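**Q** Quick one: this structure, given as structure tokens, is what I'll be asking you about.
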Amino acid sequence: MAVAVTTLDDVGAGETVQVADIQGDDGVAIRLLEMGLTPGIAVRVVGRAPFGDPLELEVRGYRLSIRRAEAARVIVDAA
Amino acid sequence: MEQPSRGTDLERLTVALLGNPNTGKSTLFTALAGIPTRVGNYPGVTVEEKLGRLTHRGRAIDLIDLPGTYSLAPQGPDERVAVDVLRGGQAGVPRPDVVIVVADATNLQRNLFLATQATELGLPLVVALTLFDIGRRRGRSIDTCELSRRLGCPVIPVAAPLGEGLADLKDAMLAASEGGPPTPLALEPSRIADHRPAAARDAIRRYALIDRLLAGIIRDDAVRRLPEDRIDRLLTHRFWGTLSFAAVMLALFSSIFWLAAPLMDLISAGIDALSERLATALPPGAVRDLVVDGVLAGIGGVVVFVPQIALLFLFIAILEGCGYLARAAYLMDRLLVGVGLSGKSFIPLLSSFACAIPGIMAARTIENRRDRLLTILVAPLMSCSARLPVYLLLCGAFVPDVAVGISWLRLPAVVLAGMYALGVLVAAAVAWAVSRTIFRGPPQPFVMELPGWRWPQAAVVLERAREAVWSFLKNAGTLILAVSVVVWAVSTYPQSEPRIAADVAAERASLAARVTDAGLPEADREELAEELAALDTPAGLEAARRGAIQRGSILGRAGRFVEPLVRPLGWDWKLGCAAIASFPAREVVLGTLSVLYNLPPEEAEGTALERRLKAARWADTGKRVFTLPVALSIMVFFALCAQCASTLVVIGRETQSWLWPVVTFTYMTVLAWLGAFATYQFGTRLGW
């Protein structure tokens, strides 16, 4: 059985995970890193907007909102 | 030029405020400099330039409020401008002598990202820790002395709304201008080989640096639960949050739709009173007509927008100040992203249902350039309040009052709702199509901070509204005035007395001939008799003369000229003429129709116009002009057309380019014509 990679968009509301890596090397990836989603940091998924997208995250003591498409680039490990 | 004189007491000091969005940077700017001395755009880009002045200990200081920036590795025009100004590469802006990094004390890790980058600028630096009071209330204490030592530059805690720390900050600015730049904080080289681009590697190492910088400096006492935490849980709740969102948006919309109405009426009444006094004071003639009907009416047409703009920006500034604006965008994002817009487009588009002008101006809150432009392009498709009188008259007069399915659901109401829906659907389609063709590009990062809840600052809120109103009056107002004067002129000239007399005589003869036509229904003949009798009253004769002037003017002739173009829509030349005359503003169409039908323009709101339109017939076939398909085709045209010079002027001003108003006018006019054509042709075929 292949080991499934978990990305941030799969994480349920209220769960806390740890960022493992950000995929890609374009402006989106750079901005996610600049906003503090760096490897090793703990992220809590606070919730989702009523239509399921975007996500509300808590990282480095502040609240950040990113779309699912962006969250799918954030590979996470269980914290 | 500034460089050699740095440190001389006589020289002005240039200080730049650099900071992340939502850090209380505007509040700090207002607290330091008060009302900005200059607000505008950096040349060639739609990035706001805000300058202010203050004096401290006899030293004059120019304060530059840089656009909110997350990083000095810029993405997007706003961040690029900030970096250019700091490097001294922005034309017309001197390189700052001192940089104040505005850092939110409640969100220190991410804010230090920019602060540590700023140590590499080679400019004297001061860090202002804003929202210090809020941090304190949350039980957070920061060892600012140690932080200052580690950063190599002064760190001043400030609570701008309370005025705490402002004097220290100003002292630090002056002191920093005497000293040199801090030693750049070096990032540790990566221990592992990394394939990432430099900016990404830099970001990871910079956060490692920040973790080291902050180690042992922040002490968070047992986090006390604050009222805003409860509010947050309520406002982001799936059900209650959505409900409160609807309530807030309803309040916003009602304020610009209904609250503004009495103020707008007051302005109109004031202009009317003024024009009446001027009309009696000035001798009759071309000058009086120009002053009263041209210039004064034009000024009224500009000032009338002020209440809506002021109210909307007050509202937006309050929402922004308390942190709700970002949450509104968060809640609505999914709905709008499907058609190529973003959550931040919601409030500008909602406001456009009252009026596209404040709506387009509200698009300033959208940082993403592409999303902002697309929002501006489709905002005029929302049915604004100026379309409502047109819909109401035509729905009331020409849509049969029959039930649709249920007895209380009447057809005129359904058609009215349909017009609003049409605008929304077409806007969605246009946004979808444009975002997938012309505006296609690499995916834009949507990373939006949801700032903490706080009280909006009255000074910032008022400044925002004042600035919006002022920039509208100054930048757009003059041009809107010029356009309305030109349209007034082409609808009034050329005039020739013999031609006016001949036109009135011809009207009289035509009425006299038709009033005895036994082939016409009784109601029509009554209307004709009334119209004929009116010609013998002074008011009726004056109205007929005005009609004659309009019919003989450049505009009237243009109406006849475009008749072949509007015939496929089921329109006669008078309708074509009224559509062209409504270029300054859609609501003018009813007034123009009144004049063309020999009624005083004030009759546009009464039933007289309705009766006269119902009696109007084609000269050649004798058939009625206004049938259901024609009424629908007019409504569809006005739902989709860009007949609003003020909107186009504001689009030009907001996008800093005359290309976009031209694009907007063209695409909307084409859509309006096609829509009206399809409606009329379908309606006629179906035998409505």
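The values are calculated or read from the model by the stated rules, or taken from the named source; none is laboratory data. Bear in mind the structure is a predicted one, so any value in this text is a computation, not a measurement. Here the Cβ positions follow ideal geometry from the backbone for every residue, glycine too, while neighbour counts run over all protein chains shown.
**Q** Which fully enclosed helices (runs of 4 or more DSSP H) of segment B:461-552 have 3 or more residues being acidic (Asp, Glu)? So that I can check it myself, show each step before the final result.
**A** Working: elements: B:478-490, B:497-515, B:522-534, B:538-552.
In segment B:461-552, the matching helices (runs of 4 or more DSSP H) lie at B:497-515, B:522-534.
**Q** Among (1) modelled with pLDDT of 90 or more; (2) within 14 Å of another protein chain (Cβ to nearest Cβ); (3) crowded, with 24+ Cβ neighbours inside 10 Å, which single condition is B:Ile357 missing?
**A** Single failed check for B:Ile357: (2).
**Q** Here's something else I'd like to know. Considering only segment B:117-133, state which residues are within 13 Å of chain A (Cβ to nearest Cβ) and under 26 Å from B:Pro227 (Cα atoms).
**A** First, pick out the residues of segment B:117-133 that are within 13 Å of chain A (Cβ to nearest Cβ): B:117, B:131.
The answer is B:Leu131, and nothing else.
**Q** Right, next: Kindly indicate whether any position in segment B:247-259 is of a type outside the set (Gly, Ala, Ser) and within 14 Å of chain A (Cβ to nearest Cβ).
**A** Let us first name the residues in segment B:247-259 that are of a type outside the set (Gly, Ala, Ser), namely B:248-250, B:252-253, B:256-259.
Adding the requirement that they be within 14 Å of chain A (Cβ to nearest Cβ) leaves B:249.
Checked against the condition, which is being of a type outside the set (Gly, Ala, Ser) and within 14 Å of chain A (Cβ to nearest Cβ), segment B:247-259 yields at least one hit.
**Q** Taking B:Ala608 and the conditions (1) aliphatic (A, V, I, L, M); (2) assigned to a helix (DSSP H, G or I); (3) surrounded by 20 or more Cβ atoms within 10 Å (Cβ to Cβ), which numbered condition does it fall short on, given that it satisfies the others?
**A** Among (1) aliphatic (A, V, I, L, M); (2) assigned to a helix (DSSP H, G or I); (3) surrounded by 20 or more Cβ atoms within 10 Å (Cβ to Cβ), B:Ala608 violates only (3).
**Q** Take the conditions in a helix (DSSP H, G or I) and either under 32 Å from the mean Cα position of the chain (by Cα) or at pLDDT 85 or above (or both) and apply them to B:Val85. Does it pass? Let's see the steps before the verdict.
**A** Numbers: in a helix (DSSP H, G or I): yes; either under 32 Å from the mean Cα position of the chain (by Cα) or at pLDDT 85 or above (or both): yes.
It is true that B:Val85 is in a helix (DSSP H, G or I) and either under 32 Å from the mean Cα position of the chain (by Cα) or at pLDDT 85 or above (or both).
**Q** Kindly provide the set of residues from segment B:368-420 that are farther than 21 Å from B:Ala672 by Cα, of a type in the set (Gly, Ala, Ser) and assigned to a helix (DSSP H, G or I), ordered by number.
**A** If the condition is that a residue be farther than 21 Å from B:Ala672 by Cα, of a type in the set (Gly, Ala, Ser) and assigned to a helix (DSSP H, G or I), then B:Gly396, B:Ala397, B:Ala413 are the ones that fit.
**Q** Go through (1) at pLDDT 85 or above; (2) hydrophobic (A, V, I, L, M, F, W, C); (3) farther than 15 Å from B:Arg617 by Cα for B:Trp571 and report which single condition fails.
**A** The failed condition is (3).
**Q** Test of understanding: among B:Leu114, B:Leu66, B:Leu51, B:Leu108, which residue is of a type outside the set (Val, Ile, Thr), buried (at least 18 other Cβ atoms within 10 Å of the Cβ) and either away from chain A (no Cβ under 14 Å) or over 26 Å from B:Ile134 (Cβ atoms) (or both)? Give the steps one after another, and end with the answer.
**A** Details: B:Leu114 fails: either away from chain A (no Cβ under 14 Å) or over 26 Å from B:Ile134 (Cβ atoms) (or both); B:Leu51 fails: buried (at least 18 other Cβ atoms within 10 Å of the Cβ); B:Leu108 fails: either away from chain A (no Cβ under 14 Å) or over 26 Å from B:Ile134 (Cβ atoms) (or both).
It is B:Leu66.
Let's see how each residue does on (1) surrounded by 15 or more Cβ atoms within 10 Å (Cβ to Cβ); (2) in the same structural domain as B:Ile366 (by TED's automatic domain parsing); (3) of a type in the set (Val, Ile, Thr); (4) modelled with pLDDT under 95:
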| site | (1), (2), (3), (4) |
| --- | --- |
| B:Ala645 | yes, no, no, yes |
| B:Val649 | yes, no, yes, yes |
| B:Gly652 | yes, no, no, yes |
| B:Ser657 | yes, no, no, yes |
| B:Val662 | no, no, yes, no |
| B:Thr666 | no, no, yes, no |
| B:Val670 | no, no, yes, no |
| B:Leu674 | no, no, no, no |
| B:Tyr680 | yes, no, no, no |
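**Q** Could you tell me whether B:Ala518 is under 20 Å from B:Lys623 (Cα atoms) and of a type in the set (A, V, I, L, M)? Working first, answer last.
**A** On the way: under 20 Å from B:Lys623 (Cα atoms): yes; of a type in the set (A, V, I, L, M): yes.
It is true that B:Ala518 is under 20 Å from B:Lys623 (Cα atoms) and of a type in the set (A, V, I, L, M).
**Q** While we're on this one: Can you pull out every residue in segment B:78-87 that is surrounded by fewer than 17 Cβ atoms within 10 Å (Cβ to Cβ) and either touching a helix residue (DSSP H, G or I) at 6+ places or on another chain (Cβ under 7 Å) or over 13 Å from B:Ala16 (Cα atoms) (or both)?
**A** Residues satisfying the conditions do not exist here.
**Q** Just checking, how many residues over segment B:587-601 are touching an Asp or Glu at 6+ places or on another chain (Cβ under 8 Å) and crowded, with 24+ Cβ neighbours inside 10 Å?
**A** 2
**Q** Does any residue of segment B:444-457 turn out to be under 21 Å from B:Ile634 (Cβ atoms) and out of contact with any Cys (no Cβ under 7 Å at 6 or more places or on another chain)?
**A** The initial filter retains those residues of segment B:444-457 that are under 21 Å from B:Ile634 (Cβ atoms), namely none.
Taking every residue of segment B:444-457 in turn, none turns out to be under 21 Å from B:Ile634 (Cβ atoms) and out of contact with any Cys (no Cβ under 7 Å at 6 or more places or on another chain).
**Q** B:Ala539 - would you say it is without any contact (Cβ under 8 Å) to a residue 24 or more places away in the chain and farther than 26 Å from B:Gln681 by Cα? Quick ask: steps written out before the conclusion?
**A** On the way: without any contact (Cβ under 8 Å) to a residue 24 or more places away in the chain: no; farther than 26 Å from B:Gln681 by Cα: yes.
Here the answer is no, as B:Ala539 does not meet what is asked.
**Q** Quick one: which helices (runs of 4 or more DSSP H) sit completely within segment B:134-223 and have at least 3 residues that are among the charged types (D, E, K, R), touching a residue at least 12 places away in the same chain (Cβ under 8 Å) and away from chain A (no Cβ under 14 Å)?
**A** Working: elements: B:144-151, B:166-178, B:198-214.
Those helices (runs of 4 or more DSSP H) span B:166-178.
**Q** Could you please let me know if B:Val404 is free of Cβ contacts under 8 Å to residues at least 24 places away in the same chain, more than 14 Å from every other protein chain (Cβ to nearest Cβ) and farther than 20 Å from B:Pro67 by Cβ?
**A** Numbers: free of Cβ contacts under 8 Å to residues at least 24 places away in the same chain: yes; more than 14 Å from every other protein chain (Cβ to nearest Cβ): yes; farther than 20 Å from B:Pro67 by Cβ: yes.
Here the answer is yes, as B:Val404 does meet what is asked.
**Q** Does B:Gln90 count as surrounded by fewer than 23 Cβ atoms within 10 Å (Cβ to Cβ), among the polar types (S, T, N, Q) and in a loop (DSSP other than H, G, I, E, B)?
**A** Values: surrounded by fewer than 23 Cβ atoms within 10 Å (Cβ to Cβ): yes; among the polar types (S, T, N, Q): yes; in a loop (DSSP other than H, G, I, E, B): yes.
Yes, satisfied.
**Q** Residues that are facing chain B (nearest Cβ under 10 Å) and of a type in the set (A, V, I, L, M), at least 2 per element: which strands (runs of 3 or more DSSP E) completely within segment A:17-79 meet that? Let's see the steps before the verdict.
**A** Numbers: elements: A:42-48, A:55-59, A:62-66, A:74-78.
Strands (runs of 3 or more DSSP E) meeting the threshold: A:55-59, A:62-66.
**Q** List pairs: first in segment B:324-336 and at the interface with chain A (Cβ under 7 Å from one of its Cβ atoms) and without any contact (Cβ under 8 Å) to a residue 24 or more places away in the chain, second assigned to a helix (DSSP H, G or I) and buried (at least 24 other Cβ atoms within 10 Å of the Cβ), Cβ under 9 Å, 6+ apart or cross-chain?
**A** What qualifies is B:Arg334/B:Gly343; B:Leu335/B:Gly343.
**Q** Condition first: touching a Lys or Arg at 6+ places or on another chain (Cβ under 6 Å), without any contact (Cβ under 8 Å) to a residue 40 or more places away in the chain and outside any helix (DSSP H, G or I). Can you find one or more residues in segment B:641-648 that meet it?
**A** no
**Q** (1) at pLDDT 90 or above; (2) under 19 Å from B:Ala468 (Cβ atoms); (3) buried (at least 17 other Cβ atoms within 10 Å of the Cβ): which one isn't true of B:Leu263, the others all being true?
**A** (3)
**Q** For segment B:298-310, name all the residues that are surrounded by fewer than 22 Cβ atoms within 10 Å (Cβ to Cβ) and either outside the structural domain of B:Leu462 (by TED's automatic domain parsing) or closer than 12 Å to B:Arg464 by Cβ (or both).
**A** Correct list: B:Ala310 only.
**Q** Further, regarding this structure: Against the definition (in a helix (DSSP H, G or I) and closer than 17 Å to B:Leu325 by Cα), how does B:Leu274 come out, yes or no? Walk me through how you get there before you give the answer.
**A** Values: in a helix (DSSP H, G or I): yes; closer than 17 Å to B:Leu325 by Cα: no.
So B:Leu274 fails the test.
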